[in-house]
Every structure is written in C-alpha cells, then in structure tokens.
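First comes the structure, then the notes that go with it.
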Amino acid sequence: MTTLILGQVLKFHGSPFEAPPEATARHDSRGAVAVDGGRILGHGPVDAMRAAHPGAAEIDHGAGLILPGFVDAHMHYPQTAIIASWGKRLIDWLNGYTFPEEARFGDPAYAAEIAGRTLDLMLANGTTSLASYCTIHPESVDAIFEAGAARGMAVWAGKTCMDRNAPDDLRDTAQSAHDDSAALLARWHGQGRARYVITPRFSPTSTPEQLEALGALWAAHPDCLMQTHLSEQTDELVWVAELYPEARDYLDTYEAHGLLGARGLYGHAIHLTERERARLVEIGAALVHCPTSNTFIGSGLFDPSLFGTHRVGLATDTGGGSSFSMLRTMAAAYEIAQLGGTALHPAQLLWLATEGSARALHAEDEVGTLAAGAAADLVVLDLASTPAIAQRAARAEDLWQAVFPTIMMGDDRAVAQVYVAGQAMK
C-alpha cells in the first residue's frame, strides 16, 4: 500500500560542490514522499502527490524536514563500547583500547550484542546505511550482517585483516585473510542489503604478502568495495616508509599490491602528497573524511579543497570518532573546513552526509537519495529540537538558516523519525 510521508522535503539533483549550492537543491515547504514496497515512488508538493496517489495513507510530520537517511561511509562497529576513551596518538589508542576490545569478537554472542547496539545507536541518530570494519574474526562479520538484516538496513562490511604489528590473538595470515574473506564474501555479498567489503586495516598491520593476497581477491571480485586507511597521522607516514622502503609514498603501498581502484575507500587521507592526490583523481577512488576522529586523536585537518576535486564521503569513524551522530560529524566538518579557509554551505554538509557518502560507496541509486526507485530510507529532522536551536531557527529567513543550527547543535533529539525501507524505526 502506498504511503505519503508529509513534511518539508529536501532533495538534491546535483552536487553542491559542482554548482551553486542553492541551485542543486529542491525544497518543498509542504511536500510529501510517496513510499510503497520499501521503495520511493516519488516526491513533490503535497497536493500534487495526493493527486498522483489517491487513497494513499498519510503520515504527517508537520514542519519536520524529510531527507534521505544519513550514510556513514567509515566506522568500526567493534569499537562502539570504547568510544570516547581518553588517549594519546593513534598507535597508543589502538594498543590501549582498540586491540583489547577487538579480541573479544571471537565470541559470537558478544559480537551480536555490540552489532545490535551499534545499529540501534546509528538509527537513533538518523543513520540508515553504513560501512563498517569488523575484526579478524568471521563471527564479527556474521554479526553485523545479521543485525543489519534484522533491521532491514543496508550494511557494507568486511573482516579486518592483520598479519603483523598486532597482538597474537588479532593476527591472521596472508592465506587465512584471503580464504576467510573469500568465504564471507560468498556467504554475504548481495544477500538482501548486505555488501561485502575487502578490508585490510592499513599497510602497517599487513605484510606485502597479505596485501598481495587481498589485491588478488579484489581482482577476482571487482564489484566489491575495498576499504582501508590512508595518511591519517604524520608518525604513521614515517612508520609506513620504514616498513615499505621501496614505496614512492603511502598510497603506493596499496597500488603496488592491487589495492588501488575506483571502488576503493581510503579513510582519513589527511597528509597526501601531490602525486597521491593526482593518482586518486585519475583512478576515481573515494576519500572518506572523518572529522571528529581526526580532531579527537589529533591526526590533522582534512584539506577542504579536496571536496571539489575528489570523490569524498563523510563518516563518524566510531570509536576513534567521538560521536555516533552525522549531525555532529557535519558540524565538525564545517569547523575543520573553516580552519582551512572554506565555509561549507549547509547544502554541502547535508549532501556529504547523504548522497556524497552514497557516491563514495557506489550506491547513489540505492541510498542517500529521494530519487524514484531508491530504498525508502529517510530521516525526519525536528528543526526546533532544543530551546537553543528553536530560538535561533525562529529567526531564519530561508531553509538554510533554519537547518544550520540543527547541523551545528543538533543530536539524537533532532531526529524525529527514521524510516528503513519504508518502515518507521522510532
């Protein structure tokens, strides 16, 4: 049965980094999204949608702003329980918190508990799709895909592979990384809304042999995504150069082993050389901006000029990131861009958290959009969710002034409703 979801409706019809931001968005102050069978049928002014769908059921969100559900392009669900842990640099944080916690995920019950908790927290914050690293344990991959299927969510995930510079109980081998990943890929990729992602953690925790094995797996399954980390911290770059003395730069450690491609996701990408920037554009690979993590762990500031030249997604990077909220992530992205001399427009921030991240995942026809035929994954924002936000929004002269206070100060209280495949989740 067709349902009309009523409220303010905001739809993008182009990248706001490629044209004036206001020109790439359509805003219906009293609009509706038509949904049936878990898919979007269309959207537009409410009277036109009622005429197009006579007899449709209606759910009215008043002045709530209806957007595509947020898409988190890089996170670590096994780190949910250790989010916001005090730490120093990346390696200290990994050794002190991350690795001890990840060692617990060989227990299927614990993996299932944290997977469910993570997805519920993401949904509470308006995120309907995500790409996550798991642990070396196949059980951790099963857990996140099973939790996603139970909620109807689109989930991209993969076994995190490490065969050196990690504790004994978190190391696999080049062969087992390949074989485990291949088996999980065969079990999950394309099952419902599950998509497998080939996942070497980063060059320092993989030998060249392991990277080569995973590169071969990707070559055999080119429709899969591959996710890893790139140029997150300056001391990490020094470490990579010591481990791979023959490499031209950090990116070359992946390229030399078949792990550079258009369907690659390279998290952080803060300290890039000019060669790396040019090569990433040439290949069409995606960078994933993780602003709360970059500041929390002291990694550095993402160059805002990359938004206009590269495919870029946005991500919480929980638990290195300090929030499950894509609103908070947008706010951090705005602040970091300001430090880089760029004032991101609210349209650009919202686009990054929806269609921009979906483009990074090569899923812009499925998620992060209100286009007809896409999954009916929606978030409805209350633009007056707290007294501080409400008093500022009341003085707004247009949509962008109304939504910006929610981007900068909003949290889960601003998420009035979330729909996954047309089903209300709150």
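The values are calculated or read from the model by the stated rules, or taken from the named source; none is laboratory data. Just so we're clear, the structure is a prediction, and the values are computed from it rather than from any experiment. Every residue, glycine among them, receives a Cβ derived from its backbone with ideal geometry; neighbour counts consider all protein chains shown. Areas reflect the complete protein model, heavy atoms only, side chains present, ligands, DNA and RNA absent. Shrake-Rupley method; radii C 1.70, N 1.55, O 1.52, S 1.80 Å.
For the peptides 310-316, 273-279, residues were scored by their other Cβ atoms within 10 Å and the scores averaged per peptide; the highest-first order is 310-316, 273-279. When a 1.4 Å probe is rolled over the protein heavy atoms, the share of accessible surface on segment 1-106 that falls to carbon and sulfur comes to 53 percent. Taken over segment 339-403, the percentage of Cα pairs per 10 Å bin, counting from 0 up to the bin with the maximum distance, is 19, 36, 32, 12. Take the convex hull of the alpha carbons in segment 283-324; its mean projected area over all directions comes to 3.1 nm².
Could you tell me whether segment 217-313 comes out rounded, prolate or oblate from its Cα gyration tensor? Rule is a ≥ b ≥ c as square roots of the eigenvalues, rounded for a/c under 1.5, then prolate if a/b exceeds b/c, otherwise oblate. Oblate is the answer for segment 217-313, as a/c is 1.5 or above yet b/c matches or exceeds a/b.
Computed with a 1.4 Å probe over protein heavy atoms only, the accessible surface of the chain comes to 35 Å² per residue. Counting only protein heavy atoms and a probe of 1.4 Å, the accessible surface of segment 163-275 is 54% carbon and sulfur. Over the chain, the fraction of Cα-Cα pairs per 10 Å bin, rounded to whole percents and listed from the shortest bin up, is 5, 23, 33, 24, 11, 3, 0. The Cα center of segment 319-379 and the Cα center of segment 253-285 differ in position by 21 Å.
Normalised by 2.2 N^0.38 Å, where N counts its residues, the alpha-carbon radius of gyration of segment 1-109 equals 1.65.
With N counted as the residues of segment 280-426, its alpha-carbon radius of gyration over 2.2 N^0.38 Å works out to 1.06.
Shape analysis of segment 82-217 places it in the oblate category; the axes a ≥ b ≥ c from the Cα gyration tensor give an a/c of at least 1.5, with a/b not above b/c.
Excluding same-chain neighbours fewer than eight residues apart, the aspartates and glutamates reachable from residue 159 by a Cα-Cα span under 14 Å are 102, 139, 142, 172, 179, 180. Spacing of the modelled spin labels on residue 223 and residue 241, each 7 Å from Cα toward Cβ, amounts to 4.2 nm. In this label model, residue 63 and residue 88 are separated by 5.1 nm, measuring between points 7 Å along each Cα→Cβ vector. Once the Cα-Cα distance is subtracted from the 0.36 nm per residue extended length, the residue 426 to residue 248 segment shows a gain of 59.1 nm. Loop-located GluC sites (Glu not before Pro) across segment 1-91 with a Cβ neighbour count of 14 or fewer within 10 Å are 18, with loop assigned by DSSP.
Restricting segment 112-165 to trypsin sites (Lys or Arg not before Pro) that sit in a DSSP loop and have at most 13 other Cβ atoms within 10 Å of their own Cβ leaves 164.
Taking the accessible area of segment 323-426, probe 1.4 Å, and keeping the other protein chains in place, the carbon and sulfur fraction comes to 48%.
The angle separating the long axis of helix 138-151 from the principal Cα axis of greatest extent in the chain is about 10 degrees.
Please sort by residue number the GluC sites (Glu not before Pro) in segment 171-253 whose DSSP state is loop and whose Cβ has at most 10 other Cβ atoms within 10 Å.
Those satisfying the criteria are 246.
Sequence-ordered 3J(HN,Hα) estimates for segment 249-261 from the Karplus curve with 6.51, -1.76 and 1.60 and θ = phi - 60° stand at 6, 4, 4, 5, 5, 7, 4, 5, 10, x, 10, 10, x Hz, glycine and proline given as x. Partners of residue 426 within straight-line reach, counting lysines whose Cα lies under 25 Å from its Cα and excluding those fewer than 8 residues away in the same chain: 11.
Taking the C-alpha atoms only, the angle from helix 208-220 to the longest principal axis of the chain is near 50 degrees.
For q = 0.18 Å⁻¹, what log10 I(q)/I(0) does segment 41-98 give under the Debye formula with an equal point scatterer on each alpha carbon and no solvent? Values, matching the q order: -0.76. Whose amide H sits under 5 Å from the amide H of residue 316, counting only residues 5 or more places off or on another chain, with H placed in the peptide plane? Those lying under 5 Å, H to H, from residue 316 are 73, 74.
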